[in-house]
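A.B. asks: I'd like to ask some things about the structure below.
The values are calculated or read from the model by the stated rules, or taken from the named source; none is laboratory data. Keep in mind that this is a model prediction, so the values were computed, not measured. When we count neighbours, we look across all protein chains shown, and the Cβ atoms used for this are built from the backbone with ideal geometry, even at glycine. For accessibility, only protein heavy atoms count, side chains too; no ligands or nucleic acids. Shrake-Rupley method; radii C 1.70, N 1.55, O 1.52, S 1.80 Å.
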Amino acid sequence: MGPSGAAVNGDKAVVNSMVRRLTLAVMIAAAGLPVVATAHAAPDLVAARAMAAARPAPNGSFAIAAAANGPGTVIDLTVHSAAMNRPITVAVIPAADPVAPAGSLYLINGVDGGTDTSNWREGSNWFTKTDALDFFGAKQANIVMPIGGAGTFYADWQTDDPGTGRNRWLTFLTTELPPIIDSAFHGTGRDAVAGLSMASSAVFRMAQQAPRRFQMVGSFSGCIQTSTPSGQAMVASIVTARRGNPLNMWGPPSDPDWIANDAALHAEKLRGVEIYVSTGNGLPGPLDTLTGPGIKNSPVKLLDQLIIGGVLDGITVVCTALLRDRLAALNIPATFDFRPAGTHSWGYWEQDMHTYWERAAALLVP
């Protein structure tokens, strides 16, 4: 009796894996680097393999460099964006076994794009303000954090801006970066995305633009509605605060681009995408104390979190309720987590990240 179909397929998978690993080893050896046949390769070796394997995106975007600058296993991948005609830094925590297939979780930063300097390690972002480095270190998923885009809403702007430059972030995040990540880090093409605050509307637009890739979306403490008068005022205030001109983004308030880019109005495109949304309500919560995350017993920091963070999540809870009602009217399933208290701050977003991962793991881990 001949072998079963399952056995044959299993043998083919093993052979294909061996071929991939051998090819990779030959490329690394040709570059003069030691070959280490282990899932726990040193970060500099992982960076070299990623750079050797990276393939350009269809529009010509390509990986410029990959460096193991830490902390931990973090790889700094520099990608030339053809759409923006400039290099973009992308911090990546490779999957625990960097030579095995893995889905990718894209973590999108808030209003400052992850840093106010050229070094993301000095900024406020997912990797510096949460336990992401430790939490994801042993997970079989690539954690991808693009750097930049402060005050841009990660949108494709109509016009180059004197303050923020050329912004084609939606194109970069949905069509340029993902195929490079897949080739460099053995991505499966089944990805998830999560964003906080300003990025909340962006992650929904990403899922609407590329639903086959971004099959799960997470939004934490954000306002999705951007074309209403209050939404336009919010966008204008954030863009202006970051030295941009909101007219260069989607035009004047009457421009159709405002409607076209309002994720709430196009929620029908989210059908089939798994959705998780969370928010506080602005009332002081268990993490809003002198010993809370990031406060470091500073009364000034606590006061800022209670007042500014309280006001912001007092607004996002209203936006989140509107989104819940919108999706319910369309009969689109979604999970909403309305915290009984809590502010617009990293301690709560770290909890959201953990909760989101519990749902995303089934999608991302092969």
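A.B. asks: If I model a spin label as a point 7 Å beyond the Cα along the Cα-Cβ vector, how far apart are those points for Asp134 and Arg55 in nm?
C.D. replies: Each label point is offset 7 Å from its Cα along the Cβ direction, giving 3.9 nm.
A.B. asks: Sticking with this one: Taking the solvent-accessible surface of protein heavy atoms with a 1.4 Å probe, what is the per residue accessible area of region 243-366 in Å²?
C.D. replies: Working: 6170 Å² over 124 residues.
On a per-residue basis, region 243-366 sits at 50 Å².
A.B. asks: Further question: ³J(HN,Hα) across region 152-166 via Karplus (A = 6.51, B = -1.76, C = 1.60, θ = phi - 60°), whole Hz, x for Gly/Pro?
C.D. replies: 9, 6, 6, 9, 8, 7, 5, 9, 4, 10, x, x, 10, x, 8
A.B. asks: Roll a 1.4 Å probe over the protein chains and send me the accessible area per residue for region 38-188 in Å².
C.D. replies: 33
A.B. asks: Can you pull the three principal axis extents for the Cα set of region 101-167, in Å, largest first?
C.D. replies: Largest to smallest, the principal-axis extents are 42, 27, 15 Å.
A.B. asks: So for region 162-251, what are the equivalent ellipsoid semi-axes in whole Å, largest first, each being the square root of 5 times an eigenvalue of the Cα gyration tensor? The partial results should precede the final answer.
C.D. replies: Numbers: eigenvalues 141, 51, 20 Å².
One finds semi-axes of 27, 16, 10 Å for region 162-251.
A.B. asks: Which value in deg cm²/dmol, rounded to the nearest 500, describes the helix-derived mean residue ellipticity at 222 nm for the chain, given -39,500 (n - 2.57) per DSSP H run of n ≥ 4 and division by the residue count?
C.D. replies: Numbers: 11 runs with 137 residues, N = 366.
One gets -11500 deg cm²/dmol as the mean residue ellipticity at 222 nm.
A.B. asks: Using just the Cα positions, wrap region 208-248 in a convex hull and report its mean projected area in square nanometres, one decimal place. Each step should come with its number before you reach the end.
C.D. replies: Details: hull surface 16.2 nm².
If I average the Cα hull's projected area over directions, I get 4.0 nm².
A.B. asks: Now for a separate question. Determine the relative contact order of the chain: mean sequence separation of Cα pairs under 8 Å and six or more apart, normalised by residue count, in whole percent. Write out the running numbers ahead of the final one.
C.D. replies: Values: 733 pairs, mean separation 53.3, N = 366.
Computed value for the chain: 15 percent relative contact order.
A.B. asks: Ignoring ligands, DNA and RNA, what percent of the accessible area of the chain is carbon or sulfur (1.4 Å)? Don't jump to the answer; show the numbers that get you there.
C.D. replies: Details: 9320 of 15540 Å².
Exposed carbon and sulfur together represent 60 percent of the surface.
A.B. asks: Residue separation times 0.36 nm, minus the C-alpha to C-alpha distance between Glu358 and Glu268: what's the value?
C.D. replies: On the way: separation 90, 0.36 × 90 = 32.40 nm, distance 2.52 nm.
That pair, Glu358 and Glu268, stretches by 29.9 nm at full extension.
A.B. asks: Going from the alpha-carbon gyration tensor of the chain, what semi-axes, largest first and in whole Å, does one get by taking the root of 5 times each eigenvalue? Can you show the working numbers first?
C.D. replies: Numbers: eigenvalues 247, 100, 97 Å².
Ellipsoid semi-axes (Å, largest first): 35, 22, 22.
A.B. asks: If we sort 69-81, 106-118 on the protection proxy, mean other Cβ atoms within 10 Å, highest first, what's the order? Kindly include the intermediate steps, with their values, before the conclusion.
C.D. replies: On the way: 69-81: 19.2, 106-118: 20.8.
My ranking of the peptides, most packed first, is 106-118, 69-81.
A.B. asks: Further question on the same structure: What relative contact order, as a whole-number percentage, does region 257-328 give when Cα pairs under 8 Å and 6 or more residues apart are counted? Present the calculation step by step, with values, prior to reporting the outcome.
C.D. replies: Working: 49 pairs, mean separation 26.5, N = 72.
After rounding, I find 37 percent.
A.B. asks: How much of Phe220 can a 1.4 Å solvent probe reach, expressed as accessible area in Å² and rounded to 10?
C.D. replies: Phe220 has an accessible surface of roughly 0 Å² with all protein chains in place.
A.B. asks: Among 247-253, 195-201, how do they line up by average Cβ neighbours within 10 Å per residue, starting with the highest? Mind showing how you got there, number by number?
C.D. replies: Values: 247-253: 17.6, 195-201: 26.3.
By packing density, highest mean first, the sequence is 195-201, 247-253.
A.B. asks: Let me cross-check Lys301: its accessible surface, 1.4 Å probe, with only protein heavy atoms counted, in Å² to the nearest 10?
C.D. replies: Roughly 100 Å² of Lys301 is accessible to a 1.4 Å probe.
A.B. asks: To the nearest 10 Å², what's Ser219's accessible area with a 1.4 Å probe?
C.D. replies: The accessible area of Ser219 comes to roughly 0 Å².
A.B. asks: Also, quick follow-up: Using a cut-off of 15 Å between alpha-carbon atoms, which aspartates and glutamates can reach Lys296, once sequence neighbours fewer than 8 places away in the same chain are excluded?
C.D. replies: Leaving aside aspartates and glutamates fewer than 8 places away in the same chain, those within reach of Lys296 are Asp288, Asp304.
A.B. asks: Cα convex hull of region 275-364: how many Å³ per residue?
C.D. replies: On the way: hull volume 7.6 nm³, N = 90.
Taking the convex hull of the Cα positions in region 275-364, it is 84 Å³ per residue.
A.B. asks: In region 53-93, which residues have a backbone nitrogen under 14 Å from the label point lying 7 Å from Arg121's Cα in the Cα-to-Cβ direction?
C.D. replies: Answer for region 53-93: 67-77, 91-92.
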